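Structure first, commentary second.
The values are calculated or read from the model by the stated rules, or taken from the named source; none is laboratory data. Quick caveat: nothing in here was measured; it's all calculated off a predicted structure. Note: ideal-geometry Cβ built from the backbone for every residue, glycine included; neighbour counts use all protein chains shown.
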């Protein structure tokens, strides 16, 4: 069995409110007996991409489980690299593969510098296609990015989702080992499908984006921060549990 804790959209800004909400989620993860195979943080870790925000994230991410990070539209590649990955301050796309004993994570950079919209570049899609084709072994694969490639019926987010998604669907159709797609950005716990695969969206830590039918503000800062647990059992069944931490 493989267990993934999935967190997204911390928007750390060194302020008391964002810090407290992020710490609540990380303390919850730190306190559970586990085991957890990996903690995925699917973007918008920093709110302004400041070095100090990434330093705070490093401290918060000191967990007993492997922590995997990818960028969101509020992050910037160069400070993200230096602050969270220990790399050089380069601006090329942040695409990585991380393997844990129970799964392989293909982390794709869906950010577009200077824009809140998401898009997987031709270079990233070629990298994804080649990476999936070249993976050895039989561990399940999770393809991860920040922006969801579908409308979630939240207009505030749908206008800045991942576009050009037909190209992604074509690549995924060639690789049956992919178990699911994991993303953030929407600030809402949501589950749907894309290209015949589960598409699982982590709730926001910093805030929540309600549905219009709920009659709340477009962005709600009072609803509790949350996280997801994705559980893939030995029979290949994937089950997601969402937690709101009041």
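Of the conditions (1) part of a helix (DSSP H, G or I); (2) under 15 Å from residue 6 (Cα atoms), residue 40 satisfies every one except a single condition; which number is it?
(1)
Go over the candidates 12, 63, 85, 40 one by one and state the one that is without any contact (Cβ under 8 Å) to a residue 40 or more places away in the chain, under 26 Å from residue 116 (Cβ atoms) and in contact with a strand residue (DSSP E or B) (Cβ under 8 Å, 6 or more places away or on another chain).
Numbers: 12 fails: without any contact (Cβ under 8 Å) to a residue 40 or more places away in the chain; 63 fails: under 26 Å from residue 116 (Cβ atoms); 40 fails: without any contact (Cβ under 8 Å) to a residue 40 or more places away in the chain.
Matching residue, one of 12, 63, 85, 40: 85.
Need at least 1 residues that are within 23 Å of residue 242 (Cβ to Cβ), within 12 Å of the chain's Cα centre (by Cα) and modelled with pLDDT of 95 or more per element, so show me which strands (runs of 3 or more DSSP E) inside the stretch 128-206 make the cut, counting only ones lying wholly within it. If you could, list the steps in order and put the result at the bottom.
Working: elements: 141-144, 178-183, 190-194, 197-201.
Per the criteria, 141-144, 178-183, 197-201.
Only one of 20, 78 is closer than 20 Å to residue 221 by Cβ and free of Cβ contacts under 8 Å to residues at least 24 places away in the same chain. Can you tell me which?
Details: 78 fails: closer than 20 Å to residue 221 by Cβ.
Only one candidate passes the filter, namely 20.
Farther than 22 Å from residue 143 by Cβ, touching a residue at least 40 places away in the same chain (Cβ under 8 Å), assigned to a loop (DSSP other than H, G, I, E, B) and within 16 Å of the chain's Cα centre (by Cα): does that describe residue 218?
Answer is no for this residue.
Can you tell me which residues in the stretch 97-115 are more than 13 Å from the chain's Cα centre (by Cα) and touching a residue at least 24 places away in the same chain (Cβ under 8 Å)? Show your work before the answer.
Narrowing the stretch 97-115 to residues more than 13 Å from the chain's Cα centre (by Cα): 97-104, 112-115.
Selection gives 97, 98, 99, 100, 101, 102, 103, 104, 112, 113, 115.
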